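Novice: Okay, here's the structure, questions in a sec.
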Amino acid sequence: MSEETIRSAFDAMPLIAILRGIALEEVKPVFEALARAGIRLAEIPLNSPDPLKSIAIAGGVDGILVGAGTVLTAADLDAAVDAGAAFAVAPNADQRVVTAARAREVPAIPGVATPTEAFAAIEAGAWALKLFPGEVIGPPGLKAWKAVMPAAVPLIAVGGVDQQSIAGWRSAGAGGVGVGSALYRPGTPASEVEQNARALIGAWRADAKRGRQ
């Protein structure tokens, strides 16, 4: 999957769904619900049940791209890409994983918690940066990072993001957000996931409108 394809999906809606713990039978209905709501990117963490099979199923749903989350090793990366992952997300910034992702031509989104980690990840070839844990860094921290980070590298806040906090992240300069439990928990009905997704998208777009006023 090319970076241009991911960039197009991210630009259309920079809210990444994090489906930690999703069961195999939930994948298709949940991904279809997310696509209907307008979500364009969703990750299945590799510590979920049957993650590789789940990624393969999700890859068959139109209108949404599936990525792998919690990608901790180059071997994880290869297995996820072979299963159909279009991008790779990690909680940490292992340069070996970023390098492996670039070799497979898959955008890497490593997790960083300090500017030192962020610049090292960018040097390794990260497509975007996952600010994690977001609750610790906070919007003020992100705002400070924005003053020195390359503008072309999206900064994606992850950790504690919900409908109420999105405005603060966007105002601080987040290029996007990753949303987990505020969107989906294991067993959440697909209809409820769709409602949650629409509410979160509405919050993101509402803040964008306020920013243009």
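The values are calculated or read from the model by the stated rules, or taken from the named source; none is laboratory data. This is a predicted model, so every value here is computed, not measured. When we count neighbours, we look across all protein chains shown, and the Cβ atoms used for this are built from the backbone with ideal geometry, even at glycine. Quick note on the areas: whole protein, heavy atoms, side chains included, nothing else; ligands and nucleic acids left out. Shrake-Rupley method; radii C 1.70, N 1.55, O 1.52, S 1.80 Å.
Novice: Go ahead and estimate [θ] at 222 nm for the chain from helices alone: -39,500 (n - 2.57) per DSSP H run with n ≥ 4, summed, over the residue count, rounded to 500.
Specialist: Calculated from helices alone, the mean residue ellipticity at 222 nm is -14500 deg cm²/dmol.
Novice: If amide hydrogens are placed 1.01 Å from N in the peptide plane, which non-local residues have theirs closer than 5 Å to the one on Ala86?
Specialist: Long-range HN contacts for Ala86: Val66, Gly67, Ala68.
Novice: Which ³J(HN,Hα) values in Hz, rounded to whole numbers, follow from the phi angles of segment 14-26 under the Karplus curve 6.51 cos²θ - 1.76 cosθ + 1.60, where θ = phi - 60° and Gly and Pro get x?
Specialist: x, 10, 9, 7, 10, 10, 5, x, 5, 8, 3, 6, 8
Novice: Given H placed on each backbone N at 1.01 Å, which residues far from Gly178 in sequence or on other chains put an amide H within less than 5 Å of it?
Specialist: Long-range HN contacts for Gly178: Ile16, Ala157, Val158, Gly159.
Novice: If you roll a 1.4 angstrom probe over the protein chains with everything in place, what fraction of the accessible area of segment 110-205 belongs to carbon and sulfur, to the nearest %?
Specialist: On segment 110-205, the fraction of accessible area on carbon and sulfur atoms equals 55 percent.
Novice: When ranked by the protection proxy of mean other Cβ atoms within 10 Å per residue, highest first, what sequence do the peptides 140-146, 123-129, 88-94 form?
Specialist: Sorting 140-146, 123-129, 88-94 by mean packing, highest first, produces 88-94, 123-129, 140-146.
Novice: To continue, here is another question. At 7 Å along Cα-to-Cβ for each site, give me the label-to-label distance between Ala151 and Ala120 in nm.
Specialist: Each label point is offset 7 Å from its Cα along the Cβ direction, giving 2.9 nm.
Novice: Next up: Accessible area of segment 22-61 with a 1.4 Å probe: how many percent of it is carbon plus sulfur?
Specialist: 56 percent
Novice: How big is D for segment 59-122, in µm² s⁻¹ as a whole number, if Stokes-Einstein is applied with the Kirkwood radius of its Cα pairs at 25 °C and 0.890 mPa s?
Specialist: 208 µm²/s
Novice: On to the next question. Quick check on segment 62-213: what does the Kirkwood estimate of hydrodynamic radius come out to from the alpha carbon pairs, in Å?
Specialist: 16.1 Å
Novice: Given a 1.4 Å probe, how much area per residue of segment 133-212 is accessible, in Å²?
Specialist: 47 Å²
Novice: Averaged per residue, what accessible area in Å² does segment 1-129 show with a 1.4 Å probe, protein chains only?
Specialist: Dividing the accessible area of segment 1-129 by its residue count gives 39 Å².
Novice: Pulled fully out, how much extra length does the chain show between Ser2 and Asp82, if you take 0.36 nm times their separation in residues and subtract their Cα-Cα distance?
Specialist: This chain segment gains 27.3 nm when fully extended.
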